[in-house]
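The block underneath contains the structure these notes are about, expressed in structure tokens.
Quick note: the coordinates plus some simple rules give every number you see, no bench work behind them. Just so it is clear, the structure is predicted and the values come from calculations on it, not from any experiment. Here the Cβ positions follow ideal geometry from the backbone for every residue, glycine too, while neighbour counts run over all protein chains shown.
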Amino acid sequence: MLAALEKGFFRREIADARSSISGDVDAKRKLLVGVNAFAEGEEKPIDISSSIMRRWKGPSWLAQGPERRSAILRRCGDHWTR
């Protein structure tokens, strides 16, 4: 196992598989929903501040000022990117 690692066997196998799958997807021999099959036109961004956050915070979320809501969203974003 160690010799295979040192010789780069696993890296080559992964690269070969990635190349093969990528070629199949590009040639549409392998279909991936949303990538090369059943993809819609341009995607629209989702506004999480009004839909999801309303469920999390309830009516009190909407009663807070926009500066406070922005601070909360920034803090949540910082947490998710750590």
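Here the spin labels are modelled as points 7 Å beyond Cα on the Cα-Cβ line, and at ALA39 and SER22 they lie 1.5 nm apart. Taking label points 7 Å from Cα along the Cα-to-Cβ direction, LEU32 and ALA71 give a separation of 4.2 nm. Neighbours of ARG12, meaning other residues whose beta-carbon lies under 15 angstrom from its beta-carbon, give a summed charge of 0 when Lys and Arg score +1 and Asp and Glu score -1.
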